[in-house]
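Student: Handing you a structure now.
Bear in mind that the values in this text are calculations on the coordinates, not laboratory data. Please read all numbers here as calculations on a predicted model, not as lab measurements. Cβ: placed from backbone, ideal geometry, glycine included. Neighbour counts: every protein chain shown.
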Amino acid sequence: MYYVAETQSLLDDGIISDVQADEIKSRARAAMVALCVNTLLIAGILAATIGLVFYLGTALSVALCGGLFLVAGLLILRGGAPLYRMFGNASAMIGAGMLISGTGIELVDKYTDIAGPAMMAMGGLIGAFCLWRFRAAPAHLRFAYGAILLMGAALHLEGVYFIADVFYLPGLPMPFVHFYVFAVIALLGGFLDLRVVTACAIIPFAQMLDTGRFHFRDVYIFNSPETTLSILHMGLLIAVCLWIAGRSNGAIRRQAGILMIMAFIVANLCFLVGSLWGDEVGSALFRPRDADFRLEGNGHDTDAYRAALDAFRASTLVIHEHVYSVIWAVLLAGLSIWAAMTNRPGMFYTTMTFAGIYAYTQTFENFYDEPLAYVIGGLVAIPLAFGLWWLNNAWFKPVKVAAS
């Protein structure tokens with residue numbers, strides 16, 4: 001929903017007719033029903049696929065059952081009536097999912113040495129084929145081709161991360177691995193015009209500053225000890241998305257918008273952490289390590305390590321949690337005004353959500369015993385609200401507020 005409007009108010013003001021109001025309501029309802037149907041369909045396909053793979057248990061039975069589902073689905077899509085195409089798509093996707101996921105599980109379980117490169121190659125080939133067929137396929141086959149394209153990409157990226165785990169990639173190489181995964185997911189989301197896929201691209205992007213070793217079996221949505229640097233990292237992505245959205249239309253603009261909102265969410269989570277504990281900028285990346293002061297044998301030069309650590313802390317930027325709280329409040333206020341004035345509902349609602357989180361956490365964590373902070377904040381908010389109301393009335397259509 002790009003714009004929110006009250007149809008009854010538009011009717012009362014004579015801006016739209018009864019027929020137009022009914023059409024708006026009908027399209028809104030159709031969009032919600034379509035989203036509900038697609039969600040149920042995809043959830044059912046995923047549940048059936050995963051359940052069958054683990055229930056059957058053996059590679060041969062999974063391959064046979066998956067092949068039968070795939071063939072049955074393709075036959076329905078080729079020769080079946082349009083009424084039954086949903087069942088054909090579901091059957092084809094369950095079959096393809098069983099074959100692809102079963103192959104990945106079998107490789108990881110029994111052929112660990114070649115599992116990573118094999119999954120990368122097989123996933124890449126499946127993705128390339130579906131990418132080629134997606135453009136040329138009839139409209140009713142694109143759903144299946146698009147879904148199998150995502151499955152192939154998932155197998156490919158699983159292979160990438162599995163290689164990172166096998167070769168024990170710590171430190172510098174991992175940000176490039178995460179960026180590659182981010183780029184693949186973002187490009188897939190843009191190609192298929194699926195914002196839910198594009199939104200998932202924020203997960204590897206946010207992990208680029210994770211300084212720990214990568215663990216294939218441990219999955220973190222977001223894990224970075226560098227709060228300030230992560231905020232700058234997300235700010236860069238937000239700026240790029242704004243630049244792309246301002247120079248494009250249609251699908252690309254939608255994908256850039258959702259990725260911008262996801263980056264904004266992660267940045268706010270970083271602000272939340274910073275407002276509670278502050279930050280020593282660059283500490284996780286550049287501070288002295290205990291291992292660097294190891295003596296011959298099993299000992300450590302503890303005094304030298306502590307001296308080096310104190311010297312680092314004296315030279316680096318340390319941001320207090322109260323400073324974080326003030327900066328976060330100013331940014332939330334400014335961004336909510338910008339989102340409202342530029343008619344960006346997604347960003348506006350996200351800002352309002354984190355404003356509520358901010359109010360709750362700061363009330364009970366930082367400023368519960370600081371009444372003067374509430375006085376200052378309130379006296380700043382009142383003229384800010386007046387200024388926003390005055391500017392809107394001067395530049396746009398006047399709005400009615402409760403106190404005016």
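Student: How much net charge surrounds Ala267 when only the other residues with a Cβ under 14 Å from the Cβ of Ala267 are counted, with Lys and Arg +1 and Asp and Glu -1?
Tutor: Summing Lys/Arg as +1 and Asp/Glu as -1 gives -2.
Student: Could you pull out every residue, at least 5 positions away or on a different chain, whose amide H is within less than 5 Å of the one on Gly282? Hs are placed 1.01 Å off N in the peptide plane, and Pro or chain starts have none.
Tutor: Sorted by chain and number, the residues that satisfy this are Leu229.
Student: Quick check on the exposure proxy: order Cys65, Cys270 from fewest to most C-beta atoms within 10 angstrom. Write down the numbers at each step before the final one.
Tutor: Details: Cys65 19, Cys270 25.
Placing the least packed residue first, the sequence is Cys65, Cys270.
Student: Another question about this same structure. Applying the Karplus parametrisation 6.51 cos²θ - 1.76 cosθ + 1.60 with θ = phi - 60° to the phi angles of segment 74-88, what ³J(HN,Hα) value in whole Hz is obtained for each residue in order, glycine and proline being reported as x?
Tutor: 5, 5, 5, 5, 6, x, x, 5, x, 4, 9, 5, 4, 5, x
Student: I need the phi-derived Karplus couplings for segment 10-15: 6.51 cos²θ - 1.76 cosθ + 1.60, θ = phi - 60°, integer Hz, Gly and Pro marked x.
Tutor: Karplus-based 3J(HN,Hα) across segment 10-15 equals 5, 5, 4, 7, x, 7 Hz.
Student: What ³J(HN,Hα) values, in whole Hz, does the Karplus curve 6.51 cos²θ - 1.76 cosθ + 1.60 give for segment 38-53 when θ = phi - 60°, with x put for Gly and Pro?
Tutor: Using θ = phi - 60°, the values come out as 5, 5, 4, 4, 5, 4, x, 5, 4, 5, 5, 5, 5, x, 5, 4 Hz.
Student: Does segment 47-186 come out rounded, prolate or oblate by the C-alpha gyration tensor, with a ≥ b ≥ c the root eigenvalues, rounded set by a/c under 1.5 and, if not, prolate when a/b is larger than b/c and oblate if not?
Tutor: Details: a/c = 2.94, a/b = 1.54, b/c = 1.90.
Oblate, since a/c reaches 1.5 and b/c is not below a/b.
Student: Can you tell me the order of 150-162, 338-350 when each peptide is scored by its average per-residue count of other Cβ atoms within 10 angstrom, highest first? Let's see the in-between values first.
Tutor: Values: 150-162: 21.4, 338-350: 15.6.
In decreasing order of mean packing, 150-162, 338-350 become 150-162, 338-350.
Student: Which order do Ser248, Ser9 fall in if you start with the one that has the fewest other Cβ atoms within 10 Å? Don't skip to the end; give the middle numbers.
Tutor: Details: Ser248 13, Ser9 10.
Going from least to most buried by this count: Ser9, Ser248.
Student: Report, in whole Å, the centroid distance computed from the Cα atoms of segment 176-212 and segment 21-44.
Tutor: 27 Å
Student: Ranking request for peptides 118-128, 89-99: highest mean number of other beta-carbon atoms within 10 Å first, then the rest in descending order. Write out the running numbers ahead of the final one.
Tutor: On the way: 118-128: 18.3, 89-99: 24.1.
Order by mean packing, descending: 89-99, 118-128.
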